[in-house]
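Just below is one structure, and these are the notes that go with it.
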Amino acid sequence: MGRIKHALCVVALALPLAFGTSGCAKQPVVLKPEIEAIRSISKLSTIQAYFHNVAQSTKTAGTGFMHWGEVDRTYWVEYTGIVTYGIEFSKLEVNEENGVYTITIPSAQVQNVKIERDSLTEDSVIYSNDSFWNSNPITDKDQVKALDDAQKQMELDAWQNEMMMHSAQSRAGELISSYISSIAQASGTPYEARIVYADNVIPESIQAQIDKAQSEEDSSSQTE
Amino acid sequence: MEKDKNKEKEQLTGSSSSSKSTRSKKARKAKPSKMATALGWFRELNRTARTLVTCAIALAIAGGLWLLVQGASSIFINRPGEMITTLRSSLEKIENSSSLSTLEYTYNSIVPVYSDEEQTIERYFVRYEGKVTMGINLEDVEINLSTEDPDTIIVTVPQVTIQDTTVNPGSLEYIFRDPAAMTETVNVEAYQLCEKQLEQAANQDESLKNIAAENVMNELKALTHPVSAQLTGNVKVVYEWAE
């Protein structure tokens, strides 16, 4: 009797495992984003530049007999990229001497590079046909890489855009001067300001990436 | 007589056989094998030259083998193609901004994508990493003299809000439930969905606003300090949050 009970228990446990929960309605997965890496920053953004971008990618045909018959695929994505320029707010210096305020604006920086969400639709993507003989698919990884490479390139270009960097600095000067003068005026204190702009410096890590991209471009143009 | 004749014969035959062997030796010497002919010049070289020639031949053989392996590998070792991207960019417009960001954090999340409205048939899952920045708009800071106390300057600071949300386009990773969902435009669709989810999540999350607000206050006080230090008499600066 005990054995029968035991066997019944095993069957009762095994049945749901064997047939899954196919009888039940599937519940949608609800996933809550996890917050990570919280850090205090101090950034004043002063300019947002909108660029019309076309990321032109080529997925080359593979090598080896498994890839015979493949063709190079062209993949273009058209979208609007936004570059935010600004300054490190905590590096601002305000000094007073004989009633004259000297405001030193630190080097401008590229604070963020992003894709304007609404500019990226399925219509923004154009791609060439695949080979009849052997498929050379533009996979999800290829698509991610194309967009990521384009954005990285945009960031490097943004750092090298001296006009934007100067504009970001001068706008920061205007904002800070206006803020300080408002307080001085409210208190009835005479206000005279001198704005000094620090030289714009590209961080070493970014400069290294620019140099690397440049050398890669040079070597590819030589190969052509 | 006969013996003498035989001796003479023997001598004659003996001499003839020995002359044969010397001739054959001479013939051997005169007609060396093809190999010996080919390597004849090699033997004539001095030791250093021989070593150099041997090294050159060994290198040539090794190079030949390498080329052979390369040729074979290009056929038998399969490598998929690479994605090479160049960007063509042109400036559309410039907008002024005055956002003071004091807190930044990253979100990691997964967006499930369904093929039906009831959300029962899964197409794919996309994982992403996004960045959120919080702060204020510096231009919205108001500075006024207090109506109650003429010696008090009131700096009214706007409430902290989400300043920006950005999905890192290189962070997207997929798991496909439906292979047909893996199209050439899947990344564009997924990116939009990730952006929407990130924006919603950031706006719903109030937990970090206090830290961002504290940072804003500290930054503004630090900036104003050189001016407030010069204020004469009983004049003081008071900071308060806007409603």
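Key figures for this structure:
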{"item": "Residue check, A:Phe89 farther than 30 Å from B:Glu104 by Cα and either more than 7 Å from every other protein chain (Cβ to nearest Cβ) or among the aromatic types (Phe, Trp, Tyr) (or both)", "result": "no"}
{"item": "Positions within region A:199-224 being within 19 Å of B:Leu87 (Cβ to Cβ) and outside any helix (DSSP H, G or I), in sequence order", "result": "A:Ile202, A:Glu224"}
{"item": "Residue that is farthest from the other protein chains (Cβ to nearest Cβ), among those in region B:114-153 that are open to solvent by 50 Å² or more (accessible area, probe 1.4 Å) and hydrophobic (A, V, I, L, M, F, W, C)", "result": "B:Ile121"}
{"item": "Pairs where the first residue, in region B:207-227, is under 14 Å from B:Val157 (Cα atoms) and the second is surrounded by 21 or more Cβ atoms within 10 Å (Cβ to Cβ) and polar (S, T, N, Q), C-beta under 6 Å, 6+ apart", "result": "B:Ala212/B:Thr102; B:Asn215/B:Thr102; B:Val216/B:Thr102"}
{"item": "Boolean, B:Ser90 is assigned to a strand (DSSP E or B) and surrounded by 13 or more Cβ atoms within 10 Å (Cβ to Cβ)", "result": "no"}
{"item": "Yes/no for B:Val111 being touching a strand residue (DSSP E or B) at 6+ places or on another chain (Cβ under 9 Å), more than 7 Å from every other protein chain (Cβ to nearest Cβ) and surrounded by 10 or more Cβ atoms within 10 Å (Cβ to Cβ)", "result": "yes"}
{"item": "Subset of region A:57-100 [assigned to a helix (DSSP H, G or I) and surrounded by fewer than 23 Cβ atoms within 10 Å (Cβ to Cβ)]", "result": "A:Phe65, A:Met66, A:His67, A:Ser90, A:Lys91"}
{"item": "Region A:102-123 - residue that is modelled with pLDDT under 95 and at the interface with another protein chain (Cβ under 7 Å from one of its Cβ atoms) and, of those, surrounded by the most Cβ atoms within 10 Å (Cβ to Cβ)", "result": "A:Leu120"}
{"item": "Every residue from region A:167-224 that is open to solvent by 70 Å² or more (accessible area, probe 1.4 Å), charged (D, E, K, R) and either more than 22 Å from the chain's Cα centre (by Cα) or at pLDDT below 90 (or both)", "result": "A:Glu174, A:Glu192, A:Arg194, A:Asp199, A:Glu216, A:Glu217, A:Asp218, A:Glu224"}
{"item": "Residue identified as within 11 Å of another protein chain (Cβ to nearest Cβ), among the polar types (S, T, N, Q), within 18 Å of the chain's Cα centre (by Cα) and open to solvent by 40 Å² or more (accessible area, probe 1.4 Å) among A:Gln143, A:Gln153", "result": "A:Gln153"}
{"item": "Strands (runs of 3 or more DSSP E) wholly inside region B:108-188 that include at least 3 residues being within 22 Å of A:Val83 (Cα to Cα) and within 28 Å of the chain's Cα centre (by Cα)", "result": "B:122-137, B:161-167"}
{"item": "Filtered residue count, region B:189-221, keeping only those that are farther than 23 Å from A:Glu34 by Cα and within 8 Å of chain A (Cβ to nearest Cβ)", "result": "1"}
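The values are calculated or read from the model by the stated rules, or taken from the named source; none is laboratory data. Computed from a prediction, not measured in an experiment: that's the story for all the values here. Positions of Cβ are backbone-derived with ideal geometry, glycine not excepted, and every protein chain shown enters the neighbour counts. The accessibility values were calculated without ligands, DNA or RNA, using every heavy atom of the protein model including side chains. Shrake-Rupley method; radii C 1.70, N 1.55, O 1.52, S 1.80 Å.
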